[in-house]
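Just below is one structure, and these are the notes that go with it.
Laboratory data are not the source of any read-out in this text; all were calculated from the coordinates shown. All values reported here derive from a predicted model rather than from experimental measurement. All Cβ positions, glycine included, derive from the backbone under ideal geometry; neighbour counts span all protein chains shown.
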Amino acid sequence: MNAGTRALTVGAFSTLVLIALMMGANHVAARIAFNNGVDVATAVVFRSVVTTLVIVVLLLLQRVPVKFNARHRRYLPLIGLLVGIQSLCLYSAVARLPVALALLAFNTYPLWTALWAALIYRRPPERAVLLAMPVILFGLALALDVLGAASGLGAADQWSRIGVGVAFALAAAATFGAALVFTQHEAADVDGRVRTATTLGLAGVIALASVTVQGGFHFPQAPAGWWGLAALTFLYGTAFTIMFTVLPRLGVVGNSAIMNVEPVFALVLAWLILGQAIAPVQVAGALLVVGAVMVLGMRRRV
């Protein structure tokens, strides 16, 4: 069996689950920071800059060659811009919605990836994507309680409460999907560590520009906010460091479908730490979305 089809080892599986847990916890920590005075742009700057510095240090220690051709120099800034917008939009959704629901809406990005590939590169969606699309959308409708049945608010009041947050989450999914498509077609031959460093660095610049426009950083107004800001930066940076140091040695691709359980971890952590609870039917919808996205992610292993 080749590396693409072999079964995961216990160590590889555990590492992937740990990364998903840390990424889910990162968004819960972000919500704590937002609840205590931190704004979205400030959080993205801290997260992106610190993680970029860590990866740059790894690149220097490992003496990874950095080479860009004309196509890379043209498309890497675009990919960085898209990821910067995605980061701002996703944290904006986390600030407005229950954390798990924001991540679930963002998890529609495989559908956006297929759409952008069809529009930009004339590549028709795979049959698996077409089959998964109604399942993901139905599960998302249940999770978001789009008709307001679980909340008892009715559709109009429910959308007045969640509409802006959902719009930010879907915008994050759309821009991330576009970034993935451009990465696959225009920058796939760039070393993953180099590509991540440039992408996160540019995302940090985008967030810093947003900070400047809004008049400066918005720092925490309570100790809990500082803990939240520190935790989101540590968790995000550590997850990416593990992704680029441990996973390659285990023979695992960093974006394994197993890591799509992140919203499930976020759901549990947000309930335990933030007291965010959703109705059973919304949990069922969440599991439907996660399951469908995981099946899509693992289809090439078959």
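Label region 2-116 by shape, choosing from rounded, prolate and oblate, from the square roots a ≥ b ≥ c of the eigenvalues of the Cα gyration tensor; if a/c is under 1.5 it is rounded, and otherwise prolate applies when a/b is larger than b/c, oblate when it is not. Numbers along the way, then the final one.
On the way: a/c = 1.44, a/b = 1.20, b/c = 1.19.
It comes out rounded by the Cα gyration axes.
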Could you give the dipole magnitude of the chain about its Cα centre, charging the beta-carbon of Lys and Arg +1 and that of Asp and Glu -1, in debye to the nearest 20? 900 debye
Would you kindly derive the ³J(HN,Hα) couplings of region 203-209 from the backbone phi angles with the Karplus curve 6.51 cos²θ - 1.76 cosθ + 1.60 (θ = phi - 60°), listing them in order in whole Hz, with x for Gly and Pro? 4, x, 5, 4, 5, 5, 4
Using a Gaussian network model of the chain with C-alpha springs under 10 Å, which one of ALA29, ALA150, ALA70 is most mobile by mean-square fluctuation? ALA70
For the chain, built as a Gaussian network whose Cα springs stay under 10 Å, the top-fluctuating residue of LEU104, LEU115, LEU180: LEU115
Once you put a point 7 Å from the Cα of ALA149 and another 7 Å from the Cα of VAL295, both along the Cβ direction, what distance in nm separates them? 2.1 nm
Along the charge dipole of the chain, pointing to its positive end and built from +1/-1 on Cβ of Lys, Arg, Asp and Glu, which listed residue (ALA230, VAL293, PHE244) has its Cα farthest out? PHE244
Report, in deg cm²/dmol and to the nearest 500, the calculated mean residue ellipticity at 222 nm for the chain, where each DSSP H run with n ≥ 4 adds -39500 (n - 2.57) and the sum is divided by the residue count. -25000 deg cm²/dmol
For TRP271 and VAL213, extending 7 Å from Cα along the Cα-Cβ vector and measuring point to point gives, in nm, a value of 3.8 nm
Using packing as a proxy for protection, rank 280-293, 182-195 so that the peptide with the highest average count of other Cβ atoms within 10 Å comes first. 280-293, 182-195
Amide H neighbours of GLY37 under 5 Å, at least 5 residues apart or on other chains, H built in the peptide plane: list them. GLN221
Positive-end residue of THR183, TYR109, PHE68, charge dipole of the chain with Cβ unit charges: PHE68
Take each of the peptides 152-161, 227-236, average the number of other beta-carbon atoms within 10 Å over its residues, and list them starting from the highest. 227-236, 152-161
So what's region 73-143 giving for Rg/Rh, alpha carbon basis, Kirkwood Rh from the mean inverse pair distance? 1.04
Once fully extended, how much extra length lies between VAL135 and ILE242, figured as 0.36 nm per residue of separation less the alpha-carbon to alpha-carbon distance? 35.3 nm
Estimated FRET transfer efficiency when R0 is 30 angstrom, pair THR9-VAL281 (beta carbons, to 0.05): 0.25
Gaussian network model of the chain, springs between alpha carbon atoms under 10 Å - residue of GLY84, GLY201, GLY275 with greatest fluctuation: GLY275
